[in-house]
1. Can you tell me which residue within the stretch A:335-348, out of those that are assigned to a helix (DSSP H, G or I) and over 28 Å from A:Tyr252 (Cβ atoms), is nearest to the other protein chains (Cβ to nearest Cβ)?
2. Quick check: anything in the stretch B:340-352 within 14 Å of chain A (Cβ to nearest Cβ) and not β-branched (Val, Ile, Thr)?
3. Within the stretch A:274-315, how many residues are more than 14 Å from chain B (Cβ to nearest Cβ) and among the polar types (S, T, N, Q)?
4. Residue by residue through the stretch A:498-514, note down the ones that are in contact with a Gly (Cβ under 8 Å, 6 or more places away or on another chain) and more than 21 Å from A:His216 (Cα to Cα).
5. Can you tell me which condition A:Asn98 does not meet? The list is (1) over 28 Å from A:Glu523 (Cα atoms); (2) touching a residue at least 24 places away in the same chain (Cβ under 8 Å), and all the others hold.
6. Provide a single number: the residues in the stretch B:244-273 that are over 18 Å from the mean Cα position of the chain (by Cα), of a type in the set (Phe, Trp, Tyr) and either within 14 Å of chain A (Cβ to nearest Cβ) or at positive phi (or both).
7. Exactly one of (1) within 18 Å of the chain's Cα centre (by Cα); (2) of a type outside the set (Lys, Arg); (3) surrounded by fewer than 16 Cβ atoms within 10 Å (Cβ to Cβ) is unmet by A:Tyr81. Its number?
8. Output the number of the condition that A:His129 fails; it satisfies all remaining conditions of (1) surrounded by fewer than 22 Cβ atoms within 10 Å (Cβ to Cβ); (2) under 16 Å from A:Phe516 (Cβ atoms).
Amino acid sequence: MSTELEPQTPEVTENDLEALIGDRALRRDDHLNAPGFVIRPDDVQDVLFDLRDEAGFDHLSCLTAQQYEDRYESIYHMKKYADPTQEVSVVVPTSVDNPVSQSAEPVFRTADWHEREAFDLVGIDYEGHPDPRRILLPETWQGHPLSKDYDQEQPQVVTLAEHANPIQPDHHDEESDTMFLNIGPHHPATHGVLHVKTVLDGETVVDIDPDIGYLHRCEEQMCQQGTYRHQIMPYPDRWDYVSAGLLNEWAYARAAEDLADIEVPEYAQVIRTMGAELCRIASHFLALGTFCLDVYGDFNAVFQYSFRDREVVQDILEDLTGQRLMFNYFRLGGVAWDLPEPRDEFIEKARDFLDELPAKISEYNDLVTGNEIFQVRCNDTGVLEPDLAKSYGCTGPVARASGIDYDLRRDDPYGYYENLDWDVITRQGCDNYARVLCRMEEVEESAKIIEQCLDLLEDWPEDDREIQANVPRTLKPDPDTEIYRAVEGAKGELGIYIRSDGTDKPARFKIRSPCFHNLSSLEEISEGDFIPDLIASLGSLDIVLGEVDR
Amino acid sequence: MIEGTLIQAGDTVLLPERIGDLTGLDQFGLAGELLAAFLAAFIVGNLMLAMTGVAGPWAKRKITAAFTDRIAVNRLGPAGLLIIVADSVRLLSKENIIPENADRPAYDLAPIVVASSALLGFAVIPMGSGIHLADPEVGLVFVFAVAGIASLGLVMAGYSSANKYSMLGGLRAVAQNVAYEIPLVVTGMSVVIFTGSLQMSEIVAVQNQPLVDFGLFAIPAWFAIVNPFAFVLFLLANFAEVGRNPFDTPEAPTEIVAGYQTEYSSVYFVLIYLGEFLHIFLGGAIIATIFLGGPAGPGPEALGIVWFIIKIWGVFLLTQWMRSAVPRVRVDQLIEIGWKGLLVLSFANLILTAIIVGIIQ
């Protein structure tokens, strides 16, 4: 019938891209995952507009900035929401003396925060950026920590007199009728240390400005100082630290395995898939509980119920990995060890949990999603339109609740997902209620996946249980290989960019955090709402500041 | 029967008179009567404060824990009861931090106003077993009036703290109390149509007549049974009045930190906290008096106070239940429910009751 209704997923070949970009491409700089085109710094908007509108690359997945000896480089990793296996990298080199590049913010809203981060950590200036401030480090910071001339040995001492207190300004505008309110960094509803500068007109939110970076722990740089083989894997557990550990580990594992060309045994993939989905369930339970904390107030039963149920998942994960939170269970090429002995007991325990799950879900539906007051509170608040969600690079349940049918487990298959029978949940509501429902239904889908994995694991022939591929003790991928790979984390697309320089440590390690993108949309979805809706929207985006700030 | 002298109302004997009579203080004229009245007020006040003392640090925790699959305090004393002592010491020994820009003495007065307004209300409540301080002819109006003073305390607290969260909480408290006090009073008045009197003892007495007599037992004419619609309306409005879910917007811990009480610490915090619980209990006392037959219950009349306390705690339990299970409405929805819903319904109830009572009589 109408071709407009169909998602535009025609395969765009490299020739098409070459033709589209034409003379603007100075040369090719292909990455392992995608063709790369090097363009001039003042062609950025032009090329990105063309790629978005002509070739359908509507997802600016990530922006990586880095410094070489002779140049700075910004890499725009672009994908399609309709088909994330189609990727293209736009590489924008700028000179060391004058690192100025055109801002991509007019094309993709998400470039706003990404370019601020690139400026903050690497030191590239983006011309035409609407808000060129630091984002992770304090405004008073000197230098850019990931640039070559930055002296990392030199501690930065900020004297008390110079120290800018981020919550010192308590008035926005003396003349105006609005009220400026600092929500956070310590506030019951910020789910960590987030500081939201809010301008209120009565109870209505006029303007907000999330101030992040309180939990910045230099995760990217720490990963750059670790060896591929063993030293990086513990870090991902600490990004999204509320029980999404295995999902995070998989992000690194996938990128590094593709980079070093490691095949993972099928048996290990099944264990990985099962573990990852357990983490997803735990993470979604927590999201439900904390969201209810925001809508019900403290002392509510749902929060405790969800923690009670999450506890069962944690027990199973503890049996599997030996740890409750910081699992460190994946290895390049497989997992650390097989299912715990006795296997039957473990499998039975996991099955018991799955058997009890439907009753629990229906309890939540009675208590939470079926409650009229809850519906009145959540329907039509925090509305995130699909176009906006795409522009902000939202992924995961946040995007799927806005009707964007995007799930890397299905669209860019990895692990054992493509051999299993499950569905991607989407909802059309675009509001807080849809996001809650979406997560609840995803729990059921995850349970389906786990069930099938358990069946597979139970029947797996005993002499064929290979948990790790044969991986050399020291991994040294080919120099100047670049790769961007993503997995479906609990919160959305969790991507890793790695550039190798021939040593056993990555030369650049960039984390694409789904929470970072999802949080950046908060400004758009909460303006004009009331304060309670701002809090609810923040809760329904389900951010973990450890992953936002890295 | 002991004859009272100072406060003679109906045929009930009030606590001050009884004390005056028992101690012989009534022989000393006005001074003696005053002293007896103080003694009586002291007893009632302490009874209520003791109840809040149990409710705040201990019962509330235990009740919430029961609702949420937990155990709560169980280390100090039997069933953790000594946590009351520990908490008192903890709260009272904390530094009382007063914000630099606080508007004093409003800041200092607010906790006292909040706590004392609730205590005043108990003066006219007949609690059974002869515990009844005063029985003025306008008892019901008096209790609504003094409970309403708490709003003033909340505004004072919210405004004088020089904190924006407090300010928002204070504003919300006023908007909420104005919106819900009218339905509360109007619904209360529908009871007066039945009784024809605002006097508390009269209201209780009317309810103790049997509604339906089955011979062996009789269903009393409690207004909760006579007019359940008014009872539900009153319960709802009362949730808003005491600021508990689904109407706990003035505090709204996840939105505006702790509302008007954000800046209060130490003793002041204790006073505000006490005031809140006293208000819940006062709400329970009003509900018990005008809808649940006051101290009436099976057994000898001396057990009246026990039944009365059970009824109050029943209402308290209900507020805690709501807190555990019901989401909070948004502030605009709260106002909408108040003005467009409860107000209309309460007037409809009043008019209908008036018509029905008119026809019956």
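The values are calculated or read from the model by the stated rules, or taken from the named source; none is laboratory data. The shown structure was predicted, so the numbers you read here are calculated from the model rather than taken from an experiment. Quick reminder, even Gly has a Cβ in these numbers, built from the backbone with ideal geometry, and neighbours come from all protein chains shown.
1. So the first thing to find is which residues in the stretch A:335-348 are assigned to a helix (DSSP H, G or I), and the list is A:343-348.
Filter again for over 28 Å from A:Tyr252 (Cβ atoms), leaving A:344-345, A:348.
Working: A:Asp344: 29, A:Glu345: 25, A:Glu348: 24 Å.
Within the stretch A:335-348, the match that is nearest to the other protein chains (Cβ to nearest Cβ) is A:Glu348.
2. Here is the first cut: in the stretch B:340-352, the residues within 14 Å of chain A (Cβ to nearest Cβ) are B:340-341.
Subsequent filtering for residues that are not β-branched (Val, Ile, Thr) retains B:340-341.
Yes.
3. 2
4. Matches in the stretch A:498-514: A:Lys505 only.
5. Failing condition for A:Asn98: (2).
6. 0
7. So the condition that A:Tyr81 fails would be (3).
8. The number of the failed condition is (2).
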